[in-house]
Amino acid sequence: MLRGVYQSGILTVLNSASTDPLALWGCKQQDDAAGTSTIEIVDDDEIGTPVLSIQGSELSKTYIACPRSPTSALAIKLPYLVLVLKNTNQLVGFEVEAMDDRGQTRSFWIANYESSPQIHPRLSVLPLRLDQGWNHMTFDLARMTRRVYGTQYTETRRIRFHASTRLRFIFFADRLISEEDLPSELRLYY
């Protein structure tokens, strides 16, 4: 999807306050016996801006995925994945598919209900610890790929977020950037 695009600095794939925050994303929501699922933009009282709310009782039935087409690949080379998400005290998980220098697709499944890491040849399951309220989190995908698989990260192919959480931003960066050093439009609190 972005293979031929020059990538440097910051590349935003989700900004909940933009005109069309889900332009790059495919959405799946399916109601189940336990209730309804929703993927919608709502105003968050704590930060006073629109956020993407993903709610559902079954993680596998309510999610967003980027890119929209399951046969496409993002091809983002920037190694830092930055998320600004809210702990809604419900189950939440997300998956990052990365390509390594051996041409292998490696997946990282990160969820708040996992208690210990599990490493498999193509899938790693990692626990996610969230503080109360809004969380600004950075994942060094190059380091994770090297430490877990002993290979070099080359690109992110796709990302998928499962219910239930609220998202403000998802972006990639070429270096570690503190929240204070971000452009004002990418800060949680202006």
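The values are calculated or read from the model by the stated rules, or taken from the named source; none is laboratory data. None of these values were measured; they are calculated from a predicted model. In this analysis, Cβ positions are derived from the backbone assuming ideal geometry, glycine residues included, and neighbour counts consider all displayed protein chains. Remember, those area values only see protein heavy atoms, side chains included, never the ligands or the DNA or RNA. Shrake-Rupley method; radii C 1.70, N 1.55, O 1.52, S 1.80 Å.
The residue of region 1-11 that is most open to solvent (accessible area, probe 1.4 Å), among those that are under 19 Å from residue 186 (Cα atoms) and in a loop (DSSP other than H, G, I, E, B), is 8.
Residues 100, 43, 20, 31: which one is of a type in the set (Asp, Glu), open to solvent by 40 Å² or more (accessible area, probe 1.4 Å) and touching a strand residue (DSSP E or B) at 6+ places or on another chain (Cβ under 8 Å)? Please lay out each step first, then the result.
Working: 100 fails: open to solvent by 40 Å² or more (accessible area, probe 1.4 Å); 20 fails: touching a strand residue (DSSP E or B) at 6+ places or on another chain (Cβ under 8 Å); 31 fails: touching a strand residue (DSSP E or B) at 6+ places or on another chain (Cβ under 8 Å).
Within the list 100, 43, 20, 31, the selection yields 43.
Against the definition (assigned to a loop (DSSP other than H, G, I, E, B) and free of Cβ contacts under 8 Å to residues at least 40 places away in the same chain), how does residue 69 come out, yes or no? So residue 69 fails the test.
Does residue 53 qualify as being assigned to a strand (DSSP E or B), out of contact with any helix residue (DSSP H, G or I) (no Cβ under 6 Å at 6 or more places or on another chain), within 27 Å of residue 175 (Cβ to Cβ) and open to solvent by less than 30 Å² (accessible area, probe 1.4 Å)?
Working: assigned to a strand (DSSP E or B): yes; out of contact with any helix residue (DSSP H, G or I) (no Cβ under 6 Å at 6 or more places or on another chain): yes; within 27 Å of residue 175 (Cβ to Cβ): no; open to solvent by less than 30 Å² (accessible area, probe 1.4 Å): yes.
When the stated conditions are applied, residue 53 does not pass them.
Output the number of the condition that residue 14 fails; it satisfies all remaining conditions of (1) open to solvent by 70 Å² or more (accessible area, probe 1.4 Å); (2) under 17 Å from the mean Cα position of the chain (by Cα); (3) closer than 24 Å to residue 184 by Cβ. Exception for residue 14: condition (1).
Take the residues of region 136-190 that are of a type in the set (S, T, N, Q) and outside any strand (DSSP E or B): which is most open to solvent (accessible area, probe 1.4 Å)?
If we take residues in region 136-190 being of a type in the set (S, T, N, Q) and outside any strand (DSSP E or B), then 152 is most open to solvent (accessible area, probe 1.4 Å).
Selection of region 56-89 for residues being under 21 Å from residue 163 (Cβ atoms), open to solvent by 10 Å² or more (accessible area, probe 1.4 Å) and not β-branched (Val, Ile, Thr) yields 56, 57, 58, 59, 60, 61, 63, 68, 70, 86, 87, 89. Of the listed requirements (1) within 18 Å of the chain's Cα centre (by Cα); (2) within 28 Å of residue 150 (Cβ to Cβ); (3) surrounded by 13 or more Cβ atoms within 10 Å (Cβ to Cβ), residue 113 misses just one: (3). Note on region 17-43: residues that are farther than 22 Å from residue 70 by Cα and part of a loop (DSSP other than H, G, I, E, B) amount to 6. For the criterion of being over 21 Å from residue 158 (Cβ atoms) and assigned to a strand (DSSP E or B), residue 46 fails. Of everything in region 118-135 that's without any contact (Cβ under 8 Å) to a residue 24 or more places away in the chain and under 19 Å from residue 83 (Cβ atoms), which residue is most open to solvent (accessible area, probe 1.4 Å)? Checking each candidate, the answer is 129.
Residues in region 74-91 that are within 16 Å of residue 45 (Cα to Cα) and of a type outside the set (S, T, N, Q): 3 in all. Residues of region 17-68 being closer than 20 Å to residue 134 by Cα and among the acidic types (Asp, Glu), which ones? Within region 17-68, 40, 43, 44, 45, 46 meet the criteria. Looking across 170, 177, one residue alone is under 25 Å from residue 27 (Cα atoms) and hydrophobic (A, V, I, L, M, F, W, C). It is 170.
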